[in-house]
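Engineer: Sharing a structure with you now.
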Amino acid sequence: MTNDTQIVKLISDAYGGEAFGRLTDGRATFVPLGIGGETVRIRPVAEKRGYVRAELVEVLDPSPARITPLCPHFGVCGGCHYQQIAYESQLEIKGAILREQLERVGGMKNPPIKPTIASPQNWNYRNHIQFHPIPVVSNNGSSTQDPLCRLGFAARQTSIDSRIEQFIAVDVCHLPEAPLDTLWQQIDLESIPGLERISLRLGIEEDVLLVLESNTLEMPEFGLDLPLSAVHISPGGTIVLAGNEHIVMQVKDRDFQVSAPSFFQVNSRMAERMVEHILENLALEAQDTLLDVYCGVGLFSAFLAPKVKRLIGIESSLSACADFEINLDAFDHVELYEDGAERVLPSLKLRPDVVLVDPPRAGLQRAALDSILALEPRTIVYVSCDAATLARDAQRLNSGGYHLRQITPFDLFPQTYHIESISFWDVSIQQ
């Protein structure tokens, strides 16, 4: 790999926080921190068959959307990808990338994509923030005698061949909600063997849950001078260190118990907009049976249950299942299967009218998707947090007899390349 630089015209923005262009020899190149439409000087840093990863050396002809990043760690920290892009342009880019993924990977022509729904706050929007402990190192390169840790994030990877994750300590972060932003900078942490992550989650009335995650069974020595609850998660389970093992989150004036290991949307205001969007665009009848697959703690089930005769949740996380049972306790017509969707769905002896899926970034497992198609619901609602796996599953839904009525991107993660979306799939008339 030569160290020579090249001048490249960036053709478009690509999924993953990069911009796409072509080298003088015609090979595709992907450039982090670039913006589609710019002319830039780049240096190739890693190559694969047919494409090259490059680093941005100089912006020669900047995009009108280029702005000065707010955070001093931007470009080194791996948490944000779009701080150099004006927010309105971030929304347009995400919509365009979602379209490109559906067309190129999903094989769809002119997918009915609605404009991206903006986050009410594009800074300080996260109700949940995760840090890595980074040992303080002395000037001679050794750990200090009284080992302390700073909080930080995974560093931005600079090579396509990188196999080792690196971390950087940070002094500021503009993503957590204000109470968390104030709190995390007050945490003094000694080095704890096996400690991998430190999380803070914000609930109602500014309650905070601190979560220490370790890869060993050893209990950390723990002292608390801050007004919050704390738990330790290890291979041995969850142990309460102070206060409660859960926190209460709120969406549309409804409370949700969320235990430390359970997933919940990190942008509360956008979670409310997603719930409203589903309620507005999903036609339900009083006699309907609805499956909520990957139901989590019951965010969507809680608002859909009053509108149907029978609701069945499917969830593999034990902590989320415990939360679901509490959050949906008021409904007698709600059931819950505590197992993986790929195991539960093939065994169901029913024909649901509607299936809602909210899978992890890996998308739907093939067995789960095939089973949903075999159940023949009239509508499938797909809540996706990854455009690439959604596009893959879209191809299968199309070939399985469903057509895309509409899809709307939701910007749950401003300043990053991540794209949340909600799509509605109706059974084709010929079926």
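The values are calculated or read from the model by the stated rules, or taken from the named source; none is laboratory data. Because the structure is predicted, anything quoted here is derived from the model rather than measured. Every residue, glycine as well, gets a Cβ built from its backbone with ideal geometry; the counts of neighbours run over all protein chains shown.
Engineer: Please determine, by comparing only the residues of the range 346-387 that are of a type in the set (S, T, N, Q) and under 26 Å from the mean Cα position of the chain (by Cα), which one is surrounded by the fewest Cβ atoms within 10 Å (Cβ to Cβ).
Structural biologist: Gln365
Engineer: Report yes if Ile113 is more than 22 Å from Arg126 (Cβ to Cβ), in the same structural domain as Ala391 (by TED's automatic domain parsing), among the hydrophobic types (A, V, I, L, M, F, W, C) and touching a Leu at 6+ places or on another chain (Cβ under 8 Å), otherwise no.
Structural biologist: yes
Engineer: For residues in the range 71-108 being polar (S, T, N, Q) and part of a loop (DSSP other than H, G, I, E, B), which is nearest to the chain's Cα centre (by Cα)?
Structural biologist: Gln83
Engineer: Test Pro193 against the criterion of being assigned to a loop (DSSP other than H, G, I, E, B), at pLDDT 95 or above and of a type outside the set (Asp, Glu), and give yes or no.
Structural biologist: no
Engineer: Sticking with this one: Considering only residues that are under 24 Å from the mean Cα position of the chain (by Cα) and assigned to a helix (DSSP H, G or I), which ones fall in the range 388-408?
Structural biologist: Ala388, Thr389, Leu390, Ala391, Arg392, Asp393, Ala394, Gln395, Arg396, Leu397, listed by residue number.
Engineer: For the range 253-276, how many residues meet the condition of being surrounded by fewer than 19 Cβ atoms within 10 Å (Cβ to Cβ) and over 22 Å from Ile129 (Cα atoms)?
Structural biologist: Going through the range 253-276 one residue at a time, the tally reaches 3.
Engineer: Right, another one. Would you call Arg254 modelled with pLDDT of 95 or more, assigned by TED's automatic domain parsing to the domain that holds Thr416 and not hydrophobic (A, V, I, L, M, F, W, C)?
Structural biologist: no
Engineer: Within the range 286-331, restricting attention to residues that are out of contact with any Pro (no Cβ under 6 Å at 6 or more places or on another chain) and among the β-branched types (Val, Ile, Thr), which residue is farthest from Phe256 (Cα to Cα)?
Structural biologist: Only one residue fits best here, namely Val308.
Engineer: For the range 139-158: of the residues being among the hydroxyl-bearing types (Ser, Thr, Tyr) and in a loop (DSSP other than H, G, I, E, B), which is modelled with the highest pLDDT?
Structural biologist: Thr158
Engineer: Follow-up. Hey, any hits in the range 369-381 for a residue that's assigned to a strand (DSSP E or B), touching a residue at least 24 places away in the same chain (Cβ under 8 Å) and not aliphatic (A, V, I, L, M)?
Structural biologist: Yes, because at least one residue in the range 369-381 is assigned to a strand (DSSP E or B), touching a residue at least 24 places away in the same chain (Cβ under 8 Å) and not aliphatic (A, V, I, L, M).
Engineer: Further question on the same structure: Please verify whether Thr416 is modelled with pLDDT of 95 or more, of a type in the set (S, T, N, Q) and in a loop (DSSP other than H, G, I, E, B), treating the condition exactly as stated.
Structural biologist: Criteria met by Thr416.
Engineer: Out of everything in the range 38-70 that is assigned to a loop (DSSP other than H, G, I, E, B) and of a type in the set (S, T, N, Q), what residue ends up being surrounded by the most Cβ atoms within 10 Å (Cβ to Cβ)?
Structural biologist: Step by step, filter the range 38-70, then rank; the result is Ser63.
Engineer: Which one of these is in contact (Cβ under 8 Å) with a residue 12 or more places away in the chain and outside the structural domain of Arg405 (by TED's automatic domain parsing): Ala305, Ala242?
Structural biologist: Answer to the check: Ala242.
Engineer: If I go through the range 222-281 residue by residue, how many of them are of a type outside the set (Gly, Ala, Ser) and in a loop (DSSP other than H, G, I, E, B)?
Structural biologist: Summing the residues that are of a type outside the set (Gly, Ala, Ser) and in a loop (DSSP other than H, G, I, E, B) in the range 222-281 gives 17.
Engineer: Out of Glu213, Glu272, report the one residue that is under 27 Å from Ser316 (Cβ atoms), in contact with a Lys or Arg (Cβ under 7 Å, 6 or more places away or on another chain) and in the same structural domain as His132 (by TED's automatic domain parsing).
Structural biologist: Step by step, each of Glu213, Glu272 is checked, and only Glu213 is under 27 Å from Ser316 (Cβ atoms), in contact with a Lys or Arg (Cβ under 7 Å, 6 or more places away or on another chain) and in the same structural domain as His132 (by TED's automatic domain parsing).
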